[in-house]
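Peer 1: This is the structure I want to talk about, given as structure tokens.
The values are calculated or read from the model by the stated rules, or taken from the named source; none is laboratory data. All values reported here derive from a predicted model rather than from experimental measurement. Quick reminder, even Gly has a Cβ in these numbers, built from the backbone with ideal geometry, and neighbours come from all protein chains shown.
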Amino acid sequence: MTRWIVLATGGHVALLGGAYLFQLAGYAPCTMCLWQRWPHAVAIVLGVIALAGPAPRIAAGLGALAALTTFGIGFYHAGVEQGWWPGPSSCSGGGSLSDLSADALLSTEVSDTVVMCDDIVWQLGLTMAGWNGVLSLGLAAIWTIAVTRGARMRLSAG
């Protein structure tokens, strides 16, 4: 069970770290990109808890839910990028700038950091959001294996 938890946690560290490396390389994240990062961070914390805590199966189960959450956001985001469905009005092509003040609209700092959620800024077969979705689904499977292995270990010990 432990190796599966380490593998899943390491996968989340790699995906979250990769997101920050892309950001350092100049690919500013959109709002939905940032949403996808939170479940990875939660999964990393749950992985540490699973490795150190008294109830690793519960933490691993919650890790699977975190991975499924970022999978769902990534899949939704990829669909927005492909034009399969509309995205949130606050960060898609139909978005409104009414929340910004005149100073913010004229600021060069804001215009450099505003990234629309329906823009594809990087793609290698799939977009970044698509890859996040696929890889996160794989991590959910690894978490699920950890949970089931933990259940088998308990049954064989009992």
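Peer 1: List every residue pair whose Cβ atoms sit under 8 Å apart, with the two residues 6 or more apart in sequence or on different chains, where the first one lies in the range 7-27 and is within 19 Å of W143 (Cβ to Cβ) and the second, anywhere, is surrounded by 15 or more Cβ atoms within 10 Å (Cβ to Cβ) and of a type in the set (F, W, Y).
Peer 2: Matching pairs, first to second residue: A8/W143.
Peer 1: Another question, if that's okay. Quickly run through the range 47-65 and pick out the residues that are within 11 Å of T9 (Cβ to Cβ) and within 20 Å of the chain's Cα centre (by Cα).
Peer 2: Matches in the range 47-65: G47, V48, I49, A50, A59, A60, G63.
Peer 1: Within the bounds of the range 33-41, is there any residue that is at pLDDT 95 or above, basic (K, R) and over 21 Å from I145 (Cβ atoms)?
Peer 2: First, pick out the residues of the range 33-41 that are at pLDDT 95 or above: 33-41.
Within this subset, residues satisfying the condition of being basic (K, R) are 37.
From what's left, over 21 Å from I145 (Cβ atoms): 37.
Yes, the range 33-41 contains at least one residue that is at pLDDT 95 or above, basic (K, R) and over 21 Å from I145 (Cβ atoms).
Peer 1: Exactly one of (1) surrounded by 14 or more Cβ atoms within 10 Å (Cβ to Cβ); (2) at pLDDT 90 or above is unmet by V110. Its number?
Peer 2: Evaluating V110 over (1) surrounded by 14 or more Cβ atoms within 10 Å (Cβ to Cβ); (2) at pLDDT 90 or above leaves (2) as the failure.
Peer 1: Could you say whether any residue in the range 94-105 is part of a helix (DSSP H, G or I) and either at pLDDT 95 or above or within 16 Å of G130 (Cα to Cα) (or both)?
Peer 2: Just the residues of the range 94-105 that are part of a helix (DSSP H, G or I), to begin with: 102-105.
Okay, now just the ones that are also either at pLDDT 95 or above or within 16 Å of G130 (Cα to Cα) (or both), so none.
Checked the range 94-105: no residue is part of a helix (DSSP H, G or I) and either at pLDDT 95 or above or within 16 Å of G130 (Cα to Cα) (or both).
Peer 1: Scan the range 26-83 residue by residue and report those that are surrounded by fewer than 21 Cβ atoms within 10 Å (Cβ to Cβ), small (G, A, S) and over 14 Å from I5 (Cα atoms).
Peer 2: G26, A28, A41, G72, G79, G83
Here's the yes/no breakdown for (1) under 18 Å from the mean Cα position of the chain (by Cα); (2) of a type in the set (A, V, I, L, M); (3) within 19 Å of A64 (Cα to Cα); (4) modelled with pLDDT of 95 or more:
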| residue | (1), (2), (3), (4) |
| --- | --- |
| V121 | yes, yes, no, no |
| T127 | yes, no, no, yes |
| A141 | yes, yes, yes, yes |
| A146 | no, yes, yes, yes |
| A151 | no, yes, yes, no |
| S156 | no, no, no, no |
